[in-house]
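Every read-out reported here was derived from the displayed coordinates using simple, explicitly stated rules and does not represent laboratory data. Remember, predicted model here, so these are calculated numbers, not experimental data. When we count neighbours, we look across all protein chains shown, and the Cβ atoms used for this are built from the backbone with ideal geometry, even at glycine.
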Amino acid sequence: MSRYSRMLLHLAHGLANPAERRHAPRVHSFVFGTRLTPISRLMAQCDPDLAVAAVSQRVADWSGGTRISDCLHEFNRHWARRVLSSDTTVLLITDGLEQGASAEALAFEARRLRLSCRRLVWLNPLLRFEGFEPKAAGIRALLPEVSLHLPAHNLASLQALAQLLSTPCN
């Protein structure tokens, strides 16, 4: 994931700082590795490079692996009611490779998150591989709980995501 982090942080910055702010939805951003870190205030900076630099300084566990279940649990418990509504689209950006927790715990937390929003979109850089198969337990636990499972590895995949996000949900 670290290979894609900078590009995806620029995406988060662009979503949080649209050119036309009048009717723009409110965007909250979090990053997770071994723990959850809110970064919405850092993403509010006008300069995307300064915002990304601030995030990389703030996040202590940048390349320490992922504890997706623990981080989703913390988000669901402490943040979901504050930042989500029934009309929210959540972008979960992860390769799905979980360290630690059981697949059942991950599925439970992903289900809680899905029930707190309109749609849960999983952006997965591993989908860049033509023969991708969901073999890892974390990936298999997440798949049934997401509305969409999309690639996020290059500009074309991000352009497709932008088009999807600009289309109203049904």
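For C117, C71, the sequence from fewest to most other C-beta atoms within 10 Å is C117, C71. Look at R6, R114 and count the other Cβ atoms within 10 Å of each Cβ; fewest to most, that gives R6, R114. Working from the Cα coordinates of the chain, the gyration tensor eigenvalues give, after taking √(5λ), semi-axes of 23, 18, 17 Å in decreasing order.
Note on the chain: with a GNM built from Cα contacts shorter than 10 Å, the maximum mean-square fluctuation among R82, R67, R58 falls on R82. Summarising the label geometry, the points placed 7 Å from Cα in the beta-carbon direction at R128 and A103 lie 2.6 nm from one another.
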